[in-house]
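Colleague: One structure is given below, represented as structure tokens, and several questions about it will come after.
The values are calculated or read from the model by the stated rules, or taken from the named source; none is laboratory data. All values derive from a computational prediction rather than experimental measurement. Every residue, glycine as well, gets a Cβ built from its backbone with ideal geometry; the counts of neighbours run over all protein chains shown.
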Amino acid sequence: MTDTASADLASLPLPPKNPLPYRRRARALRSFHTGMDELRDAGGPVTRFRLGPNWVMPPIVVATSPQAIRDILSVKDGAVDKTSLILSELRRVLGGNLFNLPYEQWLPRKRTLQPVFTKQHVRQFGGHMAEAAEKVSAGWKDGDVVDLDAECRTLTLRALGRSVLGLDLTDHVEDIAEPLRTALTYVADRSLRPVRAPRWLPTRARRRAFAGSDALHRLAGDILARCRADPATDAPLVQALIAARDPESGKGLSDSEIADELIVFLFAGHDTTATTLTYAMWELGRHPEIQDRVAAEVAALPDRELEPDDVAHLGYTVQVLREALRLCPPGPTGTRLATRDVEVGGYRVPAGTLLIFGRLAVQRDPTLWDRPLTFDPERFSAENMKGRDRWQYIPFGGGPRACIGDHFAMLEATLGLATFIRRVEIRSLEDEFPLAVPFTMVADGPIPARVRSRNPMVRNEDDLETPT
């Protein structure tokens, strides 16, 4: 930073202090899917507060405006880095990966993995979603009541196993989901406590978290060993990670680094995609007119298993998913740590400050969105997206550390949703979608819906009415 830039930064005011009482600030921080709105309403779109002395928890700045979020996410060096407590804990429990590595380690990893996740490349391991959705929906009888969340988790794990790992994981949902949830809940809970037990203390939660991590690493190690022993194994992502090289150094990834990347991919490809699909299907089950439009779009395609090339003809289905990601982003907040003084939304943020940006808050902000809580896929038509601030919609983040798997996630979600709606009509049985945030945002309990076949030959006319 030049002397002139430093002087300009020094002249900026600090963000306004948040006036909420201590207990409400602490509660808002722990309820970080809804708490960011409360902090913004009390202190403005950039607001600061403390929960204790620096040795307990760093000072905190919460950003909930597009401009402030842009200032955080568009930084191209390590001035705003992924060294916050929650990300440090995540590295300690599950290992370092492209999502959580600090800047100096992240940069060569990004160069190495970027070619693996281009839009063209992900098509090679994103084509099993439609097949998996066909198999899952084939198990539904006309008129069945299903739990959308459980079915979507089965779907994403089945698709992920076939397309990425070369395994059938249908019967292993809990073998993967439970260790992940246990480890991630421990990370989030520990990171958000002003007073934390020493890391060396063998608490029950710590033992369970590391046991879950060990189980996931054993699975990743077994998969990797099988692929190394037989390069013809049908596990395209694993083989791509084995072959990946840093274009500058020529260095590849070690086995432990590949295992760490596989674990975060299991988490992102299974957990977050499942939540997006669940929420989208629940909303379609409450809006028959929107669901009918998706069904008509899919019906216009040839009557065969959907393929990646079909996504180009599923524009409205993509709009539905984008709107689902606006209202229910799996990552409602994000964190960074300022490693030097930086500007955020016109304020000076001192080095050592924990930066929290409210993804959900900005995507539901009534000053930015008309009828922000209404599900309306038309927001994402080409016409309506013109002129919109790029930083008010950030389900996959933005800047150099945007989610590298966004193309894969959208490909899988589009094929999965289109396949389901082609086969069945959904009627949601609850008007509320309960949310919990053990780490990412997930459904807090079953999401029941009645499914009815779109094939008139198997449709049960006795189930035409949805029970109240």
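Colleague: From Ala28, Ala79, Ala10, grab the single residue that is in contact with an Asp or Glu (Cβ under 9 Å, 6 or more places away or on another chain), surrounded by 20 or more Cβ atoms within 10 Å (Cβ to Cβ) and aliphatic (A, V, I, L, M).
Modeller: Ala28
Colleague: If you take the residues of segment 380-410 that are assigned to a helix (DSSP H, G or I), surrounded by 20 or more Cβ atoms within 10 Å (Cβ to Cβ) and aliphatic (A, V, I, L, M), which of them is nearest to the chain's Cα centre (by Cα)?
Modeller: In the first step, residues of segment 380-410 are kept if they are assigned to a helix (DSSP H, G or I); the result is 380, 382-385, 390-392, 399-401, 406-410.
Now narrow it down to the ones that are surrounded by 20 or more Cβ atoms within 10 Å (Cβ to Cβ): 380, 391, 401, 408-410.
Those still in the list that are aliphatic (A, V, I, L, M) too: 409-410.
On the way: Ala409: 9, Met410: 11 Å.
Looking at residues that are assigned to a helix (DSSP H, G or I), surrounded by 20 or more Cβ atoms within 10 Å (Cβ to Cβ) and aliphatic (A, V, I, L, M), I get Ala409.
Colleague: Any residue that is among the polar types (S, T, N, Q), outside any helix (DSSP H, G or I) and either farther than 22 Å from His287 by Cα or under 21 Å from the mean Cα position of the chain (by Cα) (or both) - is there at least one of those in segment 421-440?
Modeller: Checked segment 421-440: at least one residue is among the polar types (S, T, N, Q), outside any helix (DSSP H, G or I) and either farther than 22 Å from His287 by Cα or under 21 Å from the mean Cα position of the chain (by Cα) (or both).
Colleague: Tell me which of these Ala63 doesn't satisfy, since it passes every other one: (1) closer than 26 Å to Arg364 by Cβ; (2) among the hydrophobic types (A, V, I, L, M, F, W, C); (3) modelled with pLDDT under 95.
Modeller: It is condition (3) that Ala63 fails.
Colleague: Identify, by number, the condition in (1) modelled with pLDDT under 95; (2) assigned to a helix (DSSP H, G or I); (3) touching an Asp or Glu at 6+ places or on another chain (Cβ under 7 Å) that Arg459 doesn't meet.
Modeller: In the conditions (1) modelled with pLDDT under 95; (2) assigned to a helix (DSSP H, G or I); (3) touching an Asp or Glu at 6+ places or on another chain (Cβ under 7 Å), Arg459 misses (2) alone.
Colleague: Is there a residue in segment 315-326 that is assigned to a helix (DSSP H, G or I), of a type in the set (Gly, Ala, Ser) and surrounded by fewer than 20 Cβ atoms within 10 Å (Cβ to Cβ)? Spell out the reasoning first.
Modeller: If we filter segment 315-326 for residues that are assigned to a helix (DSSP H, G or I), which is where we start, we get 315-326.
Imposing the further condition that a residue be of a type in the set (Gly, Ala, Ser) reduces the set to 315, 324.
In the following step, the residues that additionally are surrounded by fewer than 20 Cβ atoms within 10 Å (Cβ to Cβ) were identified as 315.
Within segment 315-326 (the criterion being assigned to a helix (DSSP H, G or I), of a type in the set (Gly, Ala, Ser) and surrounded by fewer than 20 Cβ atoms within 10 Å (Cβ to Cβ)), the answer is yes, since at least one residue qualifies.
Colleague: While we're on this one: In segment 230-287, what residues are surrounded by fewer than 22 Cβ atoms within 10 Å (Cβ to Cβ), part of a helix (DSSP H, G or I) and of a type in the set (Ser, Thr, Tyr)?
Modeller: Once the filter is applied, which keeps residues that are surrounded by fewer than 22 Cβ atoms within 10 Å (Cβ to Cβ), part of a helix (DSSP H, G or I) and of a type in the set (Ser, Thr, Tyr), segment 230-287 yields only Ser256.
Colleague: From the set of residues in segment 91-108 that are under 26 Å from Ala177 (Cα atoms) and among the charged types (D, E, K, R), which is nearest to the chain's Cα centre (by Cα)?
Modeller: Among residues in segment 91-108 that are under 26 Å from Ala177 (Cα atoms) and among the charged types (D, E, K, R), the one nearest to the chain's Cα centre (by Cα) is Arg91.
Colleague: Right, something else. What residue, of Pro372, Pro329, is surrounded by 20 or more Cβ atoms within 10 Å (Cβ to Cβ), under 21 Å from the mean Cα position of the chain (by Cα) and assigned to a loop (DSSP other than H, G, I, E, B)?
Modeller: After ruling out the rest, the residue left standing is Pro329.
Colleague: Additional query: Which residue pairs have Cβ atoms closer than 9 Å, lie 6 or more positions apart in sequence or on different chains, and pair a first residue in segment 52-66 that is in contact (Cβ under 8 Å) with a residue 12 or more places away in the chain with a second residue that is acidic (Asp, Glu)?
Modeller: Hits for this filter: Ala63/Asp71; Thr64/Asp37; Thr64/Asp365; Ser65/Asp365; Pro66/Asp365; Pro66/Asp389.
Colleague: Which condition number does Leu219 fail, the rest of (1) touching an Asp or Glu at 6+ places or on another chain (Cβ under 9 Å); (2) in a helix (DSSP H, G or I); (3) modelled with pLDDT of 90 or more being met?
Modeller: (3)
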